[in-house]
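Below is one structure, written out as structure tokens; comments come after it.
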Amino acid sequence: MTAPPTAAKSAAARSAAPSRFRLPFTWQGVFSLGMYGFMYVPILVLAVYSFNASRYGARWEGFSLRWYQSLFNDRRIFAALQDSLTIALVAVGISSVLGTLMAIGLAKYRFRGKTLYRGVSYLPLIIPDIAIGVATLVFLATAGIALNLWTVIAAHMVFCLAYIAVVVSSRLKGLDPHLEEAALDLGANPQQALIKVLLPQLLPAIVSGGLLSFVLSMDDLLISSFTAGGGVNPLPIEIFSRVRTGVKPDVNALSVVLIMASGLIAAFSEYFRAYSDRTSR
Amino acid sequence: MSQTTSTQRSAPPAAATLDVELRQVFKIFGPDTAVKGVDLKIRQGEFFSILGPSGCGKTTTLRLIAGFETPTTGEVLLQGRNVSHMPAYRRPVNTVFQSYALFGHMSVWDNIAFGLRIKRVGKSEVRTQVAEALRLVQMESFARRVPGQLSGGQQQRVALARALVNRPAVMLLDEPLGALDLKLRKEMQVELSNLHRKLGITFIMVTHDQEEALSLSDRIAVMRDGEIEQVGTPSQIYDFPKTPFVADFIGETNLVRGKVDQAARDGLKVTTDTGLQVWVQPPKIEIPLTAGMAAVVSVRPEKIRLSTQASPAQPGQNCFAGRLQHVMYLGTHLQCRVVLNTGEHLTVLQPNRHQRLPELETPVYASWAATDCLALAAKSPASELTDAS
């Protein structure tokens with residue numbers, strides 16, 4: 001401690017100074033930059049080229065909104081979007097109710113084989129989509145059910161249900177187990193306790209689980225391609241059939257729109273998660 | 001170290017109307033029997049505590065009264081009515097939970113109004129009653145907050161207000177002060193006691209804190225392994241425990257295990273395996289003991305005196321030689337550990353009068369009057385507690 005004060009101070013400053021304004025040229029820094037580059041540069045390029053006037057991707061011929069224009073005039077895209085939205089909204093809607101009830105039931109009641117039941121309920125989270133798709137197709141064919149809008153919805157519900165139930169039960173685990181009893185104690189019958197106390201407490205989880213499975217349903221190509229029929233043509237299938245013959249710039253524009261929409265939903269979901277953290281105590 | 005501070009408070013007379021009665025209640029969860037044949041009579045307006053170590057079945061007993069559990073066999077009566085199978089939401093009781101269980105998505109005001117609104121009480125009536133409840137717990141200025149913004153003590157007050165606004169016949173409190181720090185706990189003890197006096201309704205509190213039970217209750221039931229060991233006023237429980245378990249659990253005590261040697265009307269002599277002979281004299285012989293029975297002598301640390309000289313042997317006085325092993329300074333008291341020459345360990349509490357204590361490891365004499373100790377029948381030596389060490 002007898003070292004000249006200035007030297008000690010500058011040494012301390014050097015070691016403690018936050019390297020906030022310098023690029024971290026350590027190997028970790030370079031690796032991280034590389035990773036983020038690999039993740040986001042393609043998306044950035046895609047976004048930029050969606051404004052390219054050129055018909056052929058590689059050359060830049062000036063800013064243009066023509067691909068957005070052609071996109072919004074494309075009836076097939078809108079029909080596909082409508083199919084996707086119908087599937088996602090109906091599947092998520094039904095799954096929200098069933099998934100919430102499933103989570104509550106699993107948390108509340110003790111019964112024989114509960115662990116097995118719980119495991120089976122969450123299995124769709126790890127079963128590959130291709131397996132769900134093929135299995136559902138084989139099942140439907142065996143049962144003699146023709147593919148239509150409802151077969152896709154049913155197949156999507158398989159994974160939507162599992163996601164919502166997982167999110168809701170993790171929220172349930174964080175809740176005071178005596179909340180429902182407190183409501184009963186104050187004179188609420190079991191239905192009132194569920195509606196006035198438990199559901200409001202679970203709402204943030206139901207919403208964020210619903211948004212998560214909504215995005216997954218909108219994104220699904222594999223399960224839809226096995227289970228859609230009768231003229232139902234969800235957006236991912238439509239896009240996939242278009243890019244097989246080469247990427248056209250209007251698909252770039254569509255991708256940008258989809259990314260924006262996903263971002264909005266993610267922001268909503270985050271907001272509800274934060275809200276849920278505030279009210280869980 | 002605890003004192004009976006409420007000896008002056010009189011419990012409602014035994015003839016008073018009963019608010020809660022449990023008759024031979026058993027509760028079995030799978031392989032475990034949580035409550036084993038409990039009989040309880042709780043009088044109207046009483047502050048009744050159920051005291052016991054964790055896992056003794058006291059919370060299950062409370063939940064049976066609240067209606068969250070139904071008895072496997074036996075009956076639960078509320079104001080004379082058999083409610084054994086009545087659901088919780090129809091019972092005229094309200095509970096304060098250990099975790100408070102406040103509704104996080106509602107304001108303090110809405111939490112307290114919840115019960116009244118469920119019962120479809122008129123709007124203006126709800127307003128006056130909630131305001132009154134808030135005033136009772138001194139939380140008027142917090143009505144618009146949500147529970148997440150309150151401290152533990154404030155949440156506790158809201159939980160109390162939410163229960164008492166419904167004017168229940170019986171208030172049930174499950175370790176109500178368990179989550180608070182020591183200072184706040186002391187404050188809330190006083191407030192609970194005041195609230196009880198103001199409202200005049202029956203309070204049933206579950207606690208593992210013997211000091212809390214002694215200072216607040218009119219009567220206490222001590223539970224152990226699903227059974228009730230003793231029911232009585234705080235002073236009965238502290239001064240005349242009926243079993244070695246109660247003697248040891250309530251306050252501190254020294255237990256000396258032995259066999260009854262002589263039993264006469266004016267006293268009895270208990271001899272330990274090590275040859276220690278302890279005189280015990282009425283009035284504190286509760287259970288009739290006869291010669292040859294296994295017995296446990298209980299003597300409170302504050303009843304023992306230490307000296308460097310042996311007091312002359314006389315009937316009615318116990319005096320044993322030993323050596324001072326350890327002294328702990330407690331401020332108001334000094335807590336000494338003495339090992340008797342026969343091997344028993346005694347804890348002795350001496351008021352702090354700045355006296356000079358004998359040197360450590362020097363011979364001392366521990367003495368107490370035969371009327372200051374109790375002889376209790378040792379039920380089954382295997383299940384009893386270890387001796388005073």
Inter-part distance where the stretch B:228-266 and the stretch A:95-116 are each reduced to a Cα centre, Å: 50
FRET E, pair B:Lys119, A:Phe240, Förster distance 45 Å, beta-carbon r, rounded to 0.05: 0.15
Cα long-axis angle, helix B:182-199 against chain B (0 to 90 degrees, to the nearest 10): 60
Tally of Lys pairs whose C-alpha atoms are under 21 Å apart, taken over the stretch A:73-279, 8 or more apart or cross-chain: 4
Shielding score for B:146-157, defined as the mean number of other chain Cβ atoms within 10 Å: 1
Qualifying chymotrypsin sites (Phe, Trp or Tyr not before Pro) in the stretch A:37-68, DSSP loop, other Cβ atoms within 10 Å at most 16: A:Tyr56, A:Trp60
Chains A and B, summed buried accessible surface - 1.4 Å probe, Å², nearest 100: 2000
Average accessible surface area per residue within the stretch A:148-281, 1.4 Å rolling probe, Å²: 45
Residue-averaged [θ]222 nm for chain B, counting only DSSP H segments that reach four residues, each worth -39500 (n - 2.57): -6500 deg cm²/dmol
log₁₀ of I(q)/I(0) at q = 0.06, 0.11, 0.14, 0.15 Å⁻¹ - chain B, Debye sum with one point per alpha carbon: -0.30, -0.86, -1.17, -1.27
Accessible area of the stretch B:246-285 divided out per residue, in Å², using a probe of 1.4 angstrom: 47
Size of the stretch B:53-139 as Cα extents on the principal axes (Å, biggest first): 44, 30, 23
Per-selection Kirkwood Rh - the stretch B:252-378 (Cα, Å, 1 d.p.): 14.9
For the stretch A:126-183 versus the stretch A:220-251, the gap between their alpha-carbon centres in whole angstrom: 23
Heavy atoms of B:Asp261 accessible to a 1.4 Å probe, total area in Å² rounded to 10: 70
Nonlocal amide H pairs with B:Leu334, under 5 Å, H built at 1.01 Å: B:Gln350, B:Asn352
Helical segments meeting 27 Å axial Cα length and Kyte-Doolittle 0.5 threshold in chain A (DSSP H): A:27-49, A:75-108, A:149-174, A:199-219, A:249-279
For the stretch A:45-69 versus the stretch B:64-83, the gap between their alpha-carbon centres in whole angstrom: 76
Degrees separating the helix B:123-136 axis from the principal Cα axis of chain B, which is the longest one: 20
Cα Rg, Dmax, chain A, angstrom units: 25.6, 90
Computed label-point distance, nm, for sites A:Lys108 and B:Arg197 using a 7 Å Cα→Cβ extension: 4.3
Those trypsin sites (Lys or Arg not before Pro) in the stretch B:176-271 that DSSP places in a loop and that have at most 12 other beta carbons within 10 Å: B:Arg265
Within a Gaussian network of chain B (alpha carbon springs, distance under 10 Å), most fluctuating of B:Leu62, B:Leu376, B:Leu360: B:Leu360
Length gained when the stretch B:Ser307-B:Leu18 is fully extended (0.36 nm per residue, less Cα-Cα span): 99.0 nm
10 Å Cβ neighbours from other chains, averaged over peptide B:94-106: 6
Relative contact order [Cα under 8 Å, 6+ residues apart], the stretch A:73-279, whole percent: 34
Protein accessible area in the protein assembly as shown, 1.4 Å probe - carbon and sulfur %: 60
Amide H contacts of B:Phe47 (H built 1.01 Å from N, under 5 Å, at least 5 apart or other chain): B:Phe203, B:Asp218, B:Arg219
The stretch B:224-281: C-alpha gyration tensor shape, a/c 1.5 cut-off, then a/b vs b/c: prolate
Angle in degrees between helix B:108-118 and the longest Cα principal axis of chain B, rounded to the nearest 10: 70
Base-10 log of normalised Debye intensity for the stretch B:141-270 (one unit scatterer per alpha-carbon) at q = 0.12 Å⁻¹: -0.60
Chain B: most fluctuating residue of B:Asp273, B:Asp209, B:Asp248 per GNM, C-alpha cutoff 10 Å: B:Asp273
Stokes-Einstein D in µm²/s, Kirkwood radius over Cα pairs - the stretch A:141-185 at 10 °C with 1.306 mPa s viscosity: 117
P(r) weight above 43 Å for the protein assembly as shown, C-alpha pairs, percent: 51
Dipole of the protein assembly as shown, positive direction: furthest Cα of B:Ala247, A:Gly263, A:Ala183, with charges on the beta-carbon: A:Gly263
Nearest-0.05 FRET efficiency for B:Asp239 and B:Leu360, computed from C-beta distance (R0 41 Å): 0.80
Surface per residue (accessible, 1.4 Å probe) for the stretch B:102-161, Å²: 45
Selected from A:Ile195, A:Ile132, A:Ile104 as most flexible by GNM, with chain A as the system and alpha-carbon contacts under 10 Å: A:Ile195
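The values are calculated or read from the model by the stated rules, or taken from the named source; none is laboratory data. The structure presented is a predicted model; accordingly, all values stated were derived computationally and were not measured. Don't worry about glycine lacking a Cβ; one is built from the backbone with ideal geometry, like all the others, and counts go over all protein chains shown. Ligands, DNA and RNA are stripped out before the accessible areas are found, and what is left, the full protein with its side chains, is counted by its heavy atoms. Shrake-Rupley method; radii C 1.70, N 1.55, O 1.52, S 1.80 Å.
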